Amino acid sequence: MQYKPPLQIFIFLSLIHVGNFSLAAGITAGAMLSNSCSACHGTDGKSPGAIPGIYGKSADFISQALTDFRNGSRKSTVMGRHAKGYTDEEIKLIADYFSSL
Amino acid sequence: MNTLNRRKFIKLIGHTGAALTVMSALPSCSKTSARVVVVGGGFGGATCAKYLNKFDPNLSITLIEPALKFTTCPFSNAVLGGMRELSSITHGYGVHEKRGINIIHAMVTGIDASNKKVTLDTGKTINYDRLVLSPGIDFKWDAIEGMQASDALTIPHAWQGGNQTALLSNQLKNMRNGGVVVIAPPGNPFRCPPGPYERASLIAHYLKQHKPESKILILDAKEKFSKQPLFMQGWQQRYSGMIEWVSGNSGGRIERIDVKNRTLHSEMGEKYTADVINYIPPQKAGAIAHTAGLVNNDGWCPVNQRTFESTMQPDIYIIGDASIAGKMPKSGFAANSQGKVCAAAIVSAINGFKMPEPSYVNTCYSLVAPDYGISVAAVYRYNKDKGIYKVKGSGGVSPKDADAEFRKLEARYAAGWYDSITFDTFG
């Protein structure tokens, strides 16, 4: 029987971190906050339709957009109303979460 | 890597002795084969099953839903308005199956909470470690005289998607020009608070094109309704004189329906005869919640609003319209949001992790016309004293003074929302 440690170690390490769940730490606060965005922006921010996607955007971009929506400097239909529900710290958690996907 | 489940993991590395060493070095791995059974494949249940799998791919998840395909209530008013086909709002469970979620098409007829098993109408029983119920609504048919469940074939409620939507749609198509359509919404709380008024709007959109002499009469049990100023403004702009709303105290509250003569009698003695009646009965939690003894005196399910675990039975969770969820409305969006929080609560409990503080969102788009959308939104949090509460300063309705471009953009986003939430729930 041939022994192939590199592959096993790779799979093992991959399992420790599967997106928003890690066997070491559980579900993160960032995942909890961000998952509520996906009803409009699609799972993991991958929007299949007319609503802009979040997936693939940088943390800076997301953070700036939410901050600007919140203070009204960026016009929106509904995002201003949503962004007002989050603190600076929560915006950072959301931005970091989506940019890590 | 999200799709790499435990079986595949073992298969990949299982041919070496190292596999056992790796598995035993990680005690939390062996904990995650817990059996979670989810009953009800709508916005709550299908979302919960998907996110349970996403949070912990090693769980053994079973989703039990009688229908092979699920036809949504959201956008069913667009079917009545002639803007969509039913097939475009119907979704299957193929993607869930591909994820390794076990799908059973059957009706749950009983829950044995002490032995932790559910019984199906096929006679089969299924054991669970945690049970999630997302049974939606059932109707209080005894709320008025003259109507019973079987009369819904003549007087459709169309408040559950699918055949009921098709029935009402056909009645509208067969109605004469100059006919009267009555929509009779219930008092609070009920599924989809803005729904009856979006329905009036999109039926008016259909009638305006095909039967312009017709009228819509809303006989309401309530004194006010969701997004009322915005709806009324839209009706004035688009359907002037076509839609009349009668509040409960002005004769809108119905106490009897004469099904044969299509006549409604209000508690104040008024009589309304209609060509098409859409009576939406008062509601309660879906039948299985009653059978299992999980409801309060009002017919809804009290839950710990942080986790959605029943306050009446341990290890049973109730999400969506059937649950009492603080300030959140009964909506598909709310059910989707609750499904994720509940999945996080269950995965955290099973694995012995601290659950992050829950965060919930709701957004309800309504179409006044195909190019005229309005919305209401809010962000919600939980605390022990208030339960689920709206974050101060967040949310609210679309501005009253918005221009046509704004309304058009919200109509576009309404369709985009539908694509996204059905992807997030079924995809």
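The values are calculated or read from the model by the stated rules, or taken from the named source; none is laboratory data. Remember, it's a predicted structure, so these values are computed and weren't measured experimentally. Every residue, glycine as well, gets a Cβ built from its backbone with ideal geometry; the counts of neighbours run over all protein chains shown.
Going through B:230, B:217 one at a time, which residue ends up being in a helix (DSSP H, G or I), hydrophobic (A, V, I, L, M, F, W, C) and surrounded by 15 or more Cβ atoms within 10 Å (Cβ to Cβ)?
After applying the criteria, what remains is B:230.
Could you grab the pairs with beta carbons closer than 6 Å, sequence gap of 6+ or different chains, first residue in region B:77-90 and outside the structural domain of residue B:168 (by TED's automatic domain parsing) and surrounded by fewer than 21 Cβ atoms within 10 Å (Cβ to Cβ), second one assigned to a helix (DSSP H, G or I) and of a type in the set (Phe, Trp, Tyr)?
Hits for this filter: B:82/B:206.
(1) in contact (Cβ under 8 Å) with a residue 12 or more places away in the chain; (2) outside any loop (DSSP other than H, G, I, E, B): which one isn't true of residue B:222, the others all being true?
Status for residue B:222: all satisfied but (2).
Can you work out which of the residues in region A:43-75 that are aliphatic (A, V, I, L, M) and over 17 Å from residue A:33 (Cβ atoms) is surrounded by the most Cβ atoms within 10 Å (Cβ to Cβ)? Show your work before the answer.
First, the residues of region A:43-75 that are aliphatic (A, V, I, L, M): A:50-51, A:54, A:59, A:62, A:65-66.
Going one step further and asking which of them are over 17 Å from residue A:33 (Cβ atoms), we end up with A:50-51.
Details: A:50: 16, A:51: 22.
Applying the filter and picking the extreme gives A:51.
What's the number of the only condition in (1) more than 17 Å from residue B:254 (Cβ to Cβ); (2) crowded, with 21+ Cβ neighbours inside 10 Å; (3) touching a helix residue (DSSP H, G or I) at 6+ places or on another chain (Cβ under 7 Å) that residue B:156 fails to meet?
If we test residue B:156 against (1) more than 17 Å from residue B:254 (Cβ to Cβ); (2) crowded, with 21+ Cβ neighbours inside 10 Å; (3) touching a helix residue (DSSP H, G or I) at 6+ places or on another chain (Cβ under 7 Å), just (1) comes out false.
Working carefully through the options B:114, B:87, find the one that is part of a helix (DSSP H, G or I) and hydroxyl-bearing (Ser, Thr, Tyr). Show your work before the answer.
On the way: B:114 fails: part of a helix (DSSP H, G or I).
None of the other options fit; the residue is B:87.
Conditions (1) of a type in the set (Gly, Ala, Ser); (2) surrounded by 22 or more Cβ atoms within 10 Å (Cβ to Cβ), marked per residue:
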| residue | (1), (2) |
| --- | --- |
| B:347 | no, yes |
| B:357 | no, no |
| B:370 | no, no |
| B:378 | yes, yes |
| B:413 | no, yes |
| B:421 | no, yes |
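Is it true that residue B:211 is within 30 Å of residue B:314 (Cβ to Cβ), more than 24 Å from the chain's Cα centre (by Cα) and not small (Gly, Ala, Ser)?
no
Are any residues in region A:42-55 without any contact (Cβ under 8 Å) to a residue 40 or more places away in the chain and outside any helix (DSSP H, G or I), and if so, which ones?
Within region A:42-55, the first condition is being without any contact (Cβ under 8 Å) to a residue 40 or more places away in the chain, and the residues that meet it are A:42-43, A:46-53.
Result: A:42, A:46, A:47, A:48, A:49, A:50, A:51, A:52, A:53.
Of all residues being surrounded by 20 or more Cβ atoms within 10 Å (Cβ to Cβ) and without any contact (Cβ under 8 Å) to a residue 40 or more places away in the chain in region B:392-406, which is farthest from the other protein chains (Cβ to nearest Cβ)? Just the residue, please.
In this case the residue turns out to be B:395.
Hey, does region B:302-312 have a residue that's under 17 Å from the mean Cα position of the chain (by Cα) and at pLDDT 95 or above?
The answer is yes, given that some residue of region B:302-312 is under 17 Å from the mean Cα position of the chain (by Cα) and at pLDDT 95 or above.
Can you name the residue in region A:67-93 that is in a loop (DSSP other than H, G, I, E, B) and more than 21 Å from residue A:31 (Cα to Cα) and, of all such residues, is farthest from the other protein chains (Cβ to nearest Cβ)?
A:73
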